[in-house]
1. Taking the solvent-accessible surface of protein heavy atoms with a 1.4 Å probe, what is the per residue accessible area of region 16-57 in Å²?
2. Which of (i) 16, 46, 26, 9, 3, 0; (ii) 16, 50, 28, 6, 0; (iii) 15, 37, 27, 14, 6, 1 is the computed P(r) over Cα pairs in 10 Å bins from 0, in percent for the structure on display?
3. Which FRET efficiency, nearest 0.05, do GLU11 and THR42 yield, Cβ-Cβ r, R0 35 Å?
4. Connecting C-alpha atoms closer than 10 Å in a GNM of the chain, tell me which of ALA54, ALA21, ALA82 has the biggest fluctuation.
5. Taking the chain as the reference, fit the longest principal axis to its C-alpha atoms, fit the long axis of helix 2-35 to the helix C-alpha atoms, and give the angle between the two in degrees, 0 to 90, nearest 10.
6. Mind checking which of ALA35, ALA47, ALA15 has the largest fluctuation in a GNM of the chain, springs on alpha carbons under 10 Å?
7. Give me the number: length gained by fully extending PHE18 to SER92, i.e. 0.36 nm times residue separation minus the C-alpha to C-alpha distance, one decimal in nm.
8. Under the classification rounded if a/c is under 1.5, otherwise prolate if a/b is larger than b/c and oblate if not, where does region 11-54 fall, given a ≥ b ≥ c as square roots of the Cα gyration tensor eigenvalues?
Amino acid sequence: MFESAKNAGLEREIAQAFVSASLSASITAMWTSGASKWADWTGEGQALKDAATAMYLSLEQQLLKQKPGFLVLTVPQDLLAANNLSRFQTESKEKK
């Protein structure tokens, strides 16, 4: 019984690490693609960067603040720049 509980905790930690890595990679890929020359050339660069920022802010608000320690997001520093984040507003509505 104790071994099963220990394994379940380890499996949960592995799952959380995998989800954290996957989400961090997705956000970083989207941000980096938006910063590339081809994205600037096609006009999609800012849209990709905005999508990455919105994804990060939504995850941060929903998961990191409500369930501390559940996810660890690693993103590019320029995504976290004040001039980038200040362009977004996060709102939430409670169920009634």
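The values are calculated or read from the model by the stated rules, or taken from the named source; none is laboratory data. As the structure is a computational prediction, the values presented were derived from the model and not from experiment. Because the Cβ atoms are built from the backbone with ideal geometry, glycine has one as well, and the counts that use them run over all protein chains shown. We work out accessible area using only protein heavy atoms, side chains counted, and drop any ligands, DNA or RNA first. Shrake-Rupley method; radii C 1.70, N 1.55, O 1.52, S 1.80 Å.
1. Here the residues of region 16-57 average 55 Å² of exposed surface.
2. Answer label, from the structure shown: (iii).
3. After rounding to 0.05, the efficiency reads 0.25.
4. Result for the chain, Cα springs under 10 Å: ALA82 fluctuates most.
5. Approximately 0 degrees, to the nearest ten.
6. Its mean-square fluctuation being the largest, the pick is ALA15.
7. Length gained between PHE18 and SER92: 24.0 nm.
8. It is prolate, given that a/c is not under 1.5 and a/b is the larger ratio.
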